[in-house]
Amino acid sequence: YYMNNEIIAGVDEVGRGPLAGPVIAAAVILDKNHNISGLKDSKKLSNKMREILYDKIIDNAVSIGIGEVDEKIIDIINIKNATFKAMQIALENLSIKPHKALIDGYALDYQSIPNEGIIGGDNLVDSIKAASIIAKVTRDRLMINYSNIFPEYGFENHKGYGTKLHLSALNNFRATPIHRRSFKPVKNNMPTIGWIEKHNKISWLGKKLAALHLLSKGLKILGIDREFNSIGKIDILGQFNNEIVLIEVETNNIKKEKKISHSNLHKISKNIENIISRYNLKSKQSSFFRVDKIIVNINNTGNEILHYERIKL
């Protein structure tokens, strides 16, 4: 979006209200003669239309920057400041520095790029509309990834917002590491070591923590506790580029490293073809596999994750 030959970026965010996950902002620079039709505030579009427009914006935008501030930072600096921080990061991540930024809502303080807040900008300015779509689709996809780790919470449906389903899951399973502890419904449902032990959730929590660790290292989580007739359960099934990653997780509620047992890992490796066939992974050019072991030590002072990659069997 150009104004008097100046390069203008539109900026918007999504994720102020959810109880879980990050706040995501996007900054988008569009060509003044762009031909992307149908741009609207992302909240006024269907999921399908958002995905279509997302691809068009990715293909046609002059530059796109994404800013993400996770739940841990949100809890420290509050959601308002986290939102502004995500917008600032999004602007910094543009490949071209704009002369000016138009912000949906209020102007940003402490920002080197001159900027102007526009109330209702996601209904008025194309580049802000585009930013709202990029931010929304980016965050939705992230929450869907989280749903493979936390299927009990229904993140794929509500994306972390406080729906009846989500609040019920919080009551039954307590808060996860991706929940915002400073938000009241989460604060009232924080798990203690005592609660985890009483409800036999040590192993359950360990697999979640291990999966989050793997996600942070760039692995796609295909599932937790996947059943196979020939070998029983695989704790975590993941994928990294063209590799299938099979992970066994051992969880202890004391800080004590245990020796790795290879017995179940041998069973897993012998039945790799079964797994590849079940998930149709060969069609995705995933013909290699590796086996990892993760030991999670849980205690009152924090969690320790020991990751052993590419175990030789």
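The values are calculated or read from the model by the stated rules, or taken from the named source; none is laboratory data. Given the structure is predicted, the values throughout are model-derived calculations rather than measurements. Glycine gets a Cβ as well: all are built from the backbone with ideal geometry, and neighbour counts include every protein chain shown. Accessible surface areas use protein heavy atoms only, side chains included; no ligands, DNA or RNA. Shrake-Rupley method; radii C 1.70, N 1.55, O 1.52, S 1.80 Å.
Going through the stretch 167-190 one residue at a time, which ones are touching a Leu at 6+ places or on another chain (Cβ under 8 Å) and within 25 Å of Leu214 (Cα to Cα)?
Across the stretch 167-190, the qualifying residues are Leu170, Pro177, Ile178, His179, Arg180, Val186.
What are the residues in the stretch 150-166 that are out of contact with any Leu (no Cβ under 8 Å at 6 or more places or on another chain), closer than 23 Å to Val69 by Cα and without any contact (Cβ under 8 Å) to a residue 40 or more places away in the chain, if any?
Across the stretch 150-166, the qualifying residues are Glu156, Thr163.
Filtering the stretch 100-135 down to residues that are assigned to a helix (DSSP H, G or I), touching a helix residue (DSSP H, G or I) at 6+ places or on another chain (Cβ under 7 Å) and modelled with pLDDT of 95 or more, which residue is nearest to Arg50 (Cα to Cα)?
Out of the qualifying residues, it is Ile133.
At pLDDT 95 or above, open to solvent by 10 Å² or more (accessible area, probe 1.4 Å) and under 20 Å from Ser216 (Cα atoms), is that true of Thr138?
When the stated conditions are applied, Thr138 passes them.
Restricting the search to the stretch 74-133, which residues are open to solvent by 30 Å² or more (accessible area, probe 1.4 Å) and touching a Pro at 6+ places or on another chain (Cβ under 8 Å)?
Within the stretch 74-133, His99, Lys100 qualify.
Residues checked against (1) over 19 Å from the mean Cα position of the chain (by Cα); (2) free of Cβ contacts under 8 Å to residues at least 12 places away in the same chain; (3) in a strand (DSSP E or B):
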{"site": "Ile8", "(1), (2), (3)": "yes, no, yes"}
{"site": "Arg16", "(1), (2), (3)": "no, no, no"}
{"site": "Ile36", "(1), (2), (3)": "yes, no, no"}
{"site": "Leu53", "(1), (2), (3)": "yes, no, no"}
{"site": "Gly65", "(1), (2), (3)": "no, no, yes"}
